[in-house]
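Student: Just passing along the structure, written as structure tokens.
Every read-out reported here was derived from the displayed coordinates using simple, explicitly stated rules and does not represent laboratory data. Computed from a predicted structure; not experimentally measured. Note that each Cβ is placed from the backbone with ideal geometry, even for glycine, and that neighbours are counted across all protein chains shown.
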2 protein chains.
Amino acid sequence: MAVNLPPPDPASLYPVPGVELSIAMAGIRKPNRKDLLVMRLAAGAAVAGVFTRNRFCAAPVLLAKKHLKGKAIAALVVNTGNANAGTGKEGLERAFSVCEAVGRTMQAKPAQILPFSTGVIMEQLPAEKMIAALPGLKPGGWAAAAEAIMTTDTVPKAFSRKVKLAGGEATVTGIAKGAGMIRPDMATMLGFIATDAKLPQAALGRMVKRVADRSFNCVTVDGDTSTNDAFVLISSGVGVEVRTEKEVKILEETVLEVARHLAQAIIRDGEGATKFVTVSVERGRSAAECRKVAYAIAHSPLVKTAFFASDPNLGRILCAMGYSGAPIDTDRIDLFIDEVLVAKRGTRNPSYREADAQAAMQKPEFTVRAVLNRGKAAATLWTCDFSFDYVKINAEYRT
Amino acid sequence: MAVNLPPPDPASLYPVPGVELSIAMAGIRKPNRKDLLVMRLAAGAAVAGVFTRNRFCAAPVLLAKKHLKGKAIAALVVNTGNANAGTGKEGLERAFSVCEAVGRTMQAKPAQILPFSTGVIMEQLPAEKMIAALPGLKPGGWAAAAEAIMTTDTVPKAFSRKVKLAGGEATVTGIAKGAGMIRPDMATMLGFIATDAKLPQAALGRMVKRVADRSFNCVTVDGDTSTNDAFVLISSGVGVEVRTEKEVKILEETVLEVARHLAQAIIRDGEGATKFVTVSVERGRSAAECRKVAYAIAHSPLVKTAFFASDPNLGRILCAMGYSGAPIDTDRIDLFIDEVLVAKRGTRNPSYREADAQAAMQKPEFTVRAVLNRGKAAATLWTCDFSFDYVKINAEYRT
């Protein structure tokens, strides 16, 4: 059902020196599926992350943020099947016990382990199952790692690039998961990107924020900002050293390319998605104003069901722009579906023919472009449609 | 499909002296259906209204607001099938031409006529069809009037009460329409309540705002604030005179009862609705904070699909509260489904059994009660679930 999203070819995913992956079947929610991933980092690796702003953020989010303030992260442990959110003090204790157990396998302290969870909310984490599965961890590649963090995802999400720097070539490989409860406020459900290039901690911390804002923070499936969002950038440090600001920029462009690919993959695999839609709002007074308008369009159930039906009932888009809260001038707005000018200066373009918009919307990918004509700022989001299967998936999930 | 909403019994709807209703089939969108309503008012009637805050508000909304600033409203003209929104200057001219034509039939000026439209957006109003249908208007009652303003509504919405005042008995009768694009910011798609009681214009203007805030402004189907929302309160003035503040209060309670019934009827008939859900948020710092939390719950597609499935996947409710933007203390929150305590102090109630919440959610009506335990304010909303039929209706509407 995913839109133009083939499973990643394992051969296309470059291993990242300094990052060892191992995977197990812990039976956290369902038997016989990969649901536990440990990413062990070389000594001296740097790690930076951004996390959900949901006030009900999960126990592993609280713990990972705390552990990131310390030093020398030795490993990340990621489970699917249980989000460990809405679980109170006991949830924190259980997440910590997993960090302890993972730490013991590599002579590290619990505070050197970052925990991540995804899955059902408000049920206690079966930490004992996870701990019991640790001896059975088997080395794996990034494709298997991507598979081990899926929930309602139908396709594993992984992407890899190499980039030339002054000191030599660096690898950037990342994985992500997510299909519903997706409207990242800092990052998506779970996204991990690793490079072997050696970057100082401070530079890594700045980069993860900038990249998140231009990738994971630009997608929405259903407007539901999750309790567990986390996007983590790892520099294993065993590869080439990044020495200059110019080199940081070059590396960052590649990290951004990987992050955008992963963020867009989440939308392509959005729950029930049949369309991948780019929402571009241009010529606003500020980027914030453009984002407000873009999110109103991307979250409207009426707009999303019209996308599903390829029905150019495009008054719904104007309506959503009107209630977005942005102080737009309605009689200046031009609205396009791909190249089709639908509304001109806030009203129907006299030469507009519905058949043209319909043809554009019948494609699995198209762009909604709203030109506000009141400034120079712009914003772009990626979203999907709202189909019968979205309801089916979410009415049946868990049961 | 509507939830506990039988069609109104015409005999239960009291005529309002001083308000004459007439109805026609103008073929605005479809042939052979009532789609045009004229409400003629007695000389000296007072009218007050509240309107959508959507910046793309419709031509009839702009015109009705302008005409309300004048005096002596003689009639309201309401059509279904076309919203006359996103139609620019031509939309205003067409709406005005209808006001002119209606005015001519009763020796009134165009500015004494209030126009209202509902239906598809961004298509020009077929004013000529409406004008041609005026000679064919036939007298009708409130049940027929309610029918003449339906769009995707499956049940006409009308309600009536009598109330004893010092000078005698007064009648309060109202109609409304709406099923989708419902998240009134001032009022719902269209709601009209008339009383024969005589009230000064200023008192009527204050009353319409207070009543809207406690009725139509407390419902949401899909979060889409429409371009055409209008709620109008009419005092025909031919009945008892309301003389004291105490009497205003008594009348207002009855108007509120009628308005709440109509607002809740819109939710019971929400597009695809199978459940009628009351969302009550209590013990917050402010009513605004409670409303923020309540709307986050009521708009979450994940929560609404869980309502549909009667699946107590209630972590989704905590998640929505967490991203609502309200500064809630997550470890103080208690969450109930009817009488079932699901979450206690932000985490799962140890004695909670899912079967209990499931039993509550399987009923066609239940209450989600979130107790914030940080203040004394409260807010209540009414909403519905998100079903296959919501997608079906909105993917197929118009086509």
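Student: Run the Debye formula on the Cα coordinates of chain A, all scatterers equal and no solvent, and tell me log10 I(q)/I(0) at q = 0.09, 0.14 1/Å.
Tutor: For chain A, the Cα-only Debye profile gives -0.54, -1.17.
Student: For the stretch A:342-394 and the stretch B:279-305, what is the separation of their C-alpha centers, rounded to whole Å?
Tutor: Taking the Cα centre of each part, the stretch A:342-394 and the stretch B:279-305 sit 30 Å apart.
Student: In whole Hz, what ³J(HN,Hα) sequence does the stretch A:101-110 give by Karplus (6.51, -1.76, 1.60; θ = phi - 60°), x for Gly and Pro?
Tutor: Values, residue by residue: 5, 5, x, 4, 6, 9, 6, 10, 7, x Hz.
Student: Can you compute 3J(HN,Hα) from phi for each residue in the stretch B:190-204, using the Karplus curve 6.51 cos²θ - 1.76 cosθ + 1.60 with θ = phi - 60°, rounded to whole Hz and x for Gly and Pro?
Tutor: Per residue, the Karplus-derived 3J(HN,Hα) values read 9, x, 10, 10, 10, 9, 7, 4, 9, 10, x, 3, 5, 5, 5 Hz.
Student: For B:Ala202, which inter-copy label distances result when the label point lies 7 Å beyond Cα on the Cα-to-Cβ vector, reported in nm to one decimal and in ascending order?
Tutor: 6.5
Student: For the pair A:Lys164 and A:Lys138, how long in nm is the line joining their label points, each one 7 Å along Cα→Cβ?
Tutor: In this crude label model, A:Lys164 to A:Lys138 measures out at 4.0 nm.
Student: Using alpha-carbon positions, what is the distance between the centroids of the stretch A:107-150 and the stretch B:198-250, in Å?
Tutor: Between the Cα centres of the stretch A:107-150 and the stretch B:198-250 lies a distance of 58 Å.
Student: Right, here's the next one. Express the Stokes-Einstein translational diffusion coefficient of the stretch B:179-234 in µm² s⁻¹, to the nearest whole number, given a Kirkwood radius over alpha-carbon pairs, 25 °C and a viscosity of 0.890 mPa s.
Tutor: Details: Rh = 11.7 Å.
Result for D is 210 µm²/s.
Student: With charges set only on the Cβ (+1 for Lys and Arg, -1 for Asp and Glu), what does the dipole of the protein assembly as shown come to about its Cα centre, in debye to the nearest 20?
Tutor: Around 1660 debye, computed over the protein assembly as shown.
Student: Now a separate question. Report Rg (one decimal) and Dmax (nearest whole number) for the stretch B:1-79, counting Cα atoms only, units Å.
Tutor: Expressed in Å, the Cα Rg and Dmax of the stretch B:1-79 come to 15.7, 42.
Student: Ok, one more. After finding the eigenvalues of the alpha carbon gyration tensor for the stretch B:325-398, what semi-axes result from the square roots of 5 times each, listed largest first in whole Å?
Tutor: Ellipsoid semi-axes (Å, largest first): 29, 18, 11.
Student: In a solvent-free Debye calculation with one equal scatterer on each Cα, what is log10 I(q)/I(0) for the stretch B:1-136 at q = 0.16, 0.21 Å⁻¹, listed in the order of the q values?
Tutor: -0.86, -1.31
Student: May I pose another question? On average over all directions, what projected area in square nanometres does the stretch B:63-112 have, based on the convex hull of its Cα atoms? The partial results should precede the final answer.
Tutor: Numbers: hull surface 14.1 nm².
Orientation-averaged projected area of the Cα hull: 3.5 nm².
Student: Still on this structure: With only Lys, Arg, Asp and Glu charged, each at its Cβ (+1 for the first two, -1 for the last two), find how big the charge dipole of the stretch B:179-308 is about the Cα centre; round to the nearest 20 debye.
Tutor: For this selection, approximately 380 debye.
Student: Using the C-alpha gyration tensor of the protein assembly as shown, what are the square roots of 5 times its eigenvalues, in whole angstrom, with the largest one first?
Tutor: Output for the protein assembly as shown: semi-axes of 54, 29, 20 Å.
Student: Continuing with the same structure: Which of the three applies to the stretch A:276-396, rounded, prolate or oblate, going by the alpha-carbon gyration tensor with a ≥ b ≥ c and a/c under 1.5 meaning rounded?
Tutor: It comes out oblate by the Cα gyration axes.
Student: Can you give the direction-averaged projected area of the convex hull of the alpha-carbon atoms in the stretch A:29-72, in nm²?
Tutor: Over all viewing directions, the stretch A:29-72 projects a mean Cα-hull area of 4.6 nm².
Student: Using modelled backbone amide H atoms (1.01 Å from N, in-plane), which distant-in-sequence or interchain residues come within less than 5 Å of B:Ile182's amide H?
Tutor: Counting only residues 5 or more places away or on other chains, the set is B:Val221, B:Asp222, B:Gly223, B:Asp224.
Student: For the stretch B:142-254, what size does the Cα cloud have along each of its three principal axes, sorted from largest down, in whole Å?
Tutor: Projected onto the principal axes, the Cα atoms of the stretch B:142-254 cover 42, 27, 18 Å.
Student: Ordered by residue, what ³J(HN,Hα) values in Hz, to whole numbers, does the stretch B:81-86 give under the Karplus form 6.51 cos²θ - 1.76 cosθ + 1.60, where θ = phi - 60° and Gly and Pro are x?
Tutor: After applying 6.51 cos²θ - 1.76 cosθ + 1.60, I find x, 8, 8, 6, 10, x Hz.
Student: Enumerate the whole-percent occupancy of each 10 Å bin, from 0 to the last occupied one, for all C-alpha pair distances of the stretch B:182-312.
Tutor: P(r) over the stretch B:182-312, rounded to whole percents: 12, 37, 30, 16, 5, 0.
Student: I would also like to ask the following. Please report, to one decimal in angstroms, the Kirkwood hydrodynamic radius of the stretch A:118-157 built from all distinct Cα-Cα pairs.
Tutor: Taking every pair of different Cα atoms in the stretch A:118-157, averaging 1/r and inverting gives 12.1 Å.
Student: How much mean residue ellipticity at 222 nm does the protein assembly as shown get from its helices, if each DSSP H run of length 4 or more adds -39500 (n - 2.57) and you divide by all residues, to the nearest 500 deg cm²/dmol?
Tutor: Computed mean residue ellipticity for the protein assembly as shown: -9500 deg cm²/dmol.
Student: Still on this structure: Treating the point 7 Å from Cα along Cα-beta-carbon as the label, what are the nm separations from B:Pro7 to the other copies, to one decimal?
Tutor: Its label point is 5.5 nm from the equivalent points in the other copies.
Student: Rounded to the nearest 0.05, what FRET efficiency do A:Thr154 and B:Ala43 give with R0 = 45 Å and r taken as the Cβ-Cβ distance? Could you check?
Tutor: Calculated transfer efficiency: 0.10.
Student: Continuing with this model, one more query. Taking just the alpha carbons, could you work out the radius of gyration and Dmax for the stretch B:290-336, both in angstroms?
Tutor: In order Rg, Dmax, the Cα atoms of the stretch B:290-336 give 10.4, 30 Å.
Student: Moving on to the next point. Tally Lys and Arg at +1 and Asp and Glu at -1 over the other residues with C-beta under 15 Å from the C-beta of A:Pro6: what net charge comes out?
Tutor: Summing Lys/Arg as +1 and Asp/Glu as -1 gives -3.
Student: Hey, another quick one. Please list, in chain and number order, the residues 5+ apart from B:Val120 or on another chain whose amide H is under 5 Å from its amide H, with Hs placed from the backbone.
Tutor: Those lying under 5 Å, H to H, from B:Val120 are B:Gly81, B:Asn82, B:Ala83.
Student: What does the highest-first list of A:296-306, A:47-57, A:366-376 look like by mean Cβ count within 10 Å?
Tutor: In descending order of packing, they fall as A:296-306, A:47-57, A:366-376.
Student: Starting from the Cα-Cα distance between A:Lys376 and A:Arg353, subtract it from 0.36 nm times their residue separation and give me the gain in nm to one decimal.
Tutor: Once the chain is fully extended between A:Lys376 and A:Arg353, it gains 5.4 nm.
Student: When you take every Cα atom in the stretch A:1-47, what is the radius of gyration, and what is Dmax, the widest Cα pair distance, in Å?
Tutor: Rg and Dmax of the stretch A:1-47, Cα atoms, are 14.7, 42 Å.
Student: Right, something else. Taking 2.2 N^0.38 Å as the expected size of a compact globular protein, what ratio does the Cα radius of gyration of the stretch A:79-208 give against it, to two decimals?
Tutor: So the stretch A:79-208 has a normalised radius of gyration of 1.18.
Student: While we're looking at this one, here's another question. For the stretch A:276-396, what is the charge dipole size about the Cα centre, in debye to the nearest 20, if Lys and Arg each add +1 at the Cβ and Asp and Glu each add -1 at the Cβ?
Tutor: Numbers: 16 positive and 14 negative charges, 104 e Å.
In debye, rounded to 20, the stretch A:276-396 gives about 500.
Student: Also, I was wondering about something else. In whole angstrom, how long is each semi-axis of the equivalent ellipsoid of the stretch B:236-281, when you take the square root of 5 times every eigenvalue of its Cα gyration tensor and sort them from largest down?
Tutor: Values: eigenvalues 206, 37, 5 Å².
After diagonalising the Cα gyration tensor, the semi-axes are 32, 14, 5 Å.
Student: At A:Lys392, with labels set 7 Å past Cα in the Cβ direction, how many nm apart are the copies from this one, shortest first?
Tutor: 1.4
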